[in-house]
Amino acid sequence: MTTRRKKIYEGKAKILYEGPEPGTLIQYFKDDATAFNAQKKAVLEGKGVINNRISEYIMTRLNSIGVQNHFIRRLNLREQLIKEVEIVPLEVVVRNIAAGSIATRLGLTEGQPLPRSIIEFYYKDDKLGDPMVSEEHITAFNWAATQEIDDMMATALRVNDYLSGLFSAVGITLVDFKIEFGRVYEGDFSRIILADEISPDSCRLWDAATNEKLDKDRFRRDLGNVIESYTEVARRLGIMKEMPTVIQGGVH
Ligand code: TMP
C-alpha cells in the first residue's frame with residue numbers, strides 16, 4: 001500500500017511519502033534501528049508501531065499546551081499524517097542529567113544531575129557524524145536565524161519542562177532528548193514548529209526507582225529487551241491497549 005506513493009525522503013528510522021493534499025506528508029515509522037551513525041544496525045520487530053504511537057501521544061499532548069508541531073493525525077499502525085516543513089538542519093538536545101556524549105566529552109559521571117538544563121545544537125550531517133556546533137556556526141552558515149535559535153531554545157525548554165512532568169508522573173526520569181524543528185511558510189513569513197518524532201529512540205528515559213534504561217541505549221549498549229522497554233514506556237503512558245498483538249504478530 002505504501003509503495004505506490006511517491007517517496008520524498010528515506011531516513012534511518014522513517015520514510016516520508018507525499019501526502020494526500022498539498023502541504024502534507026505521510027511519516028512512516030520503520031523497525032530499523034541504527035546507532036553510532038549507522039555503524040550498528042538491526043531490525044527491531046514492532047519498534048515502528050510503538051514509536052508511531054508514542055510520538056503521536058507526545059505531539060498531541062504538546063499541541064494541547066500550545067507547542068505547535070507537525071503532527072496532524074495518525075493514519076494507521078505505522079503512519080501519521082504530518083505538515084510538510086522545511087527541516088532546520090540541526091538536532092537540538094536538552095539534557096537534565098549527564099549521560100551519553102556529554103559524559104564522555106566533559107568527563108562527567110553518568111547519572112550526575114547537571115547544574116541546570118543544558119541545550120546543545122548538532123549540525124545534521126551524517127557524513128560528518130552530526131558534529132556539535134555553536135550559535136556562531138548556526139548563524140554564520142545560515143542554518144537558522146538568531147530569532148529562530150531563540151524560538152527553538154524557548155520551545156525546547158518548554159518541551160523539557162512538560163515532558164519531565166509527564167514522564168515523572170509515570171515513574172520515568174527524562175534524562176535527555178533530541179528534537180528537530182521545521183519552517184512553515186505563510187506568505188513572506190515563516191515560523192518554526194516542532195517536527196520529526198519524540199520517542200524512546202530520541203530520548204533517554206530511566207525508571208525513576210531503579211534507573212533501569214527504557215530507551216535506545218538498550219540497543220546502543222547491547223542491554224537486550226529493547227522492544228519490551230519501549231512497550232513498557234507506552235504502557236506507563238497509558239497508550240498500550242491496542243498494541244500487544246501487533247508486537248507479537250510482527251505486523252509490517
Ligand atoms: P548523546 O548523548 O549521544 O549526544 O545523545 C543525546 C540525546 O539525543 C539522547 O537522548 C539520544 C538523542 N540522540 C538522537 O535522538 N539521535 C542521535 O543521532 C543522537 C546522537 C542522539
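Find, among the trypsin sites (Lys or Arg not before Pro) in the stretch 1-36, those assigned to loop by DSSP (not H, G, I, E, B) with at most 11 other beta-carbon atoms within 10 angstrom.
Filter output for the stretch 1-36: K6.
Taking chymotrypsin sites (Phe, Trp or Tyr not before Pro) that fall in a DSSP loop and have at most 15 other Cβ atoms within 10 Å as cut points, what is the longest piece of the chain between them?
Values: sites that count: F36, F141.
Answer - 142-252.
When only Cα pairs under 8 Å and 6 or more residues apart are kept, what is the percent relative contact order across the chain? Before the final figure, lay out each step's value.
Values: 438 pairs, mean separation 44.2, N = 252.
Worked out over the chain, it gives 18 percent.
Please work out whether the stretch 13-86 counts as rounded, prolate or oblate from its C-alpha gyration tensor, where a ≥ b ≥ c are the square roots of the eigenvalues and a/c under 1.5 means rounded, while otherwise a/b larger than b/c means prolate and anything else oblate? Walk me through the intermediate numbers first.
Details: a/c = 1.88, a/b = 1.56, b/c = 1.21.
Verdict is prolate for the stretch 13-86.
Calculate for the chain the 222 nm mean residue ellipticity that helices alone would give, adding -39,500 (n - 2.57) per DSSP H run of length 4 or more and normalising by residue count, nearest 500 deg cm²/dmol. Intermediate values should be presented prior to the final figure.
On the way: 7 runs with 75 residues, N = 252.
Dividing the helical sum by the residues of the chain leaves -9000 deg cm²/dmol.
If you project the alpha carbons of the chain onto their three principal axes, what span does each projection cover, largest first, in Å?
Cα spread of the chain along its principal axes, largest to smallest: 50, 49, 37 Å.
Past 23 Å, Cα to Cα, is the threshold; run K40/K83; K14/K124; K83/K127; K7/K47; K6/K127; K7/K124 against it and keep the listed order. Intermediate results must be reported in sequence, preceding the final value.
On the way: K40/K83 31 Å; K14/K124 15 Å; K83/K127 27 Å; K7/K47 21 Å; K6/K127 26 Å; K7/K124 21 Å.
Those over the limit are K40/K83; K83/K127; K6/K127.
Enumerate the amide H contacts of L90 below 5 Å, restricted to partners 5 or more residues apart or on another chain; note that Pro and chain-start residues carry no placed amide H.
Here the answer is K124, F181, since their amide H atoms fall under 5 Å of that of L90.
Collect residues whose amide H, placed 1.01 Å from N in the peptide plane, falls under 5 Å from the amide H of R204; neighbours closer than 5 in sequence don't count.
V175, D176, F177
What is the distance in Å between the Cα centroid of the stretch 125-150 and that of the stretch 163-211?
The distance from the Cα centre of the stretch 125-150 to that of the stretch 163-211 comes to 19 Å.
Values quoted throughout were computed directly from the atomic coordinates according to the rules given, and no laboratory measurement underlies them. Predicted model, so just to flag it, every value in this text is computed and none were measured. Because the Cβ atoms are built from the backbone with ideal geometry, glycine has one as well, and the counts that use them run over all protein chains shown.
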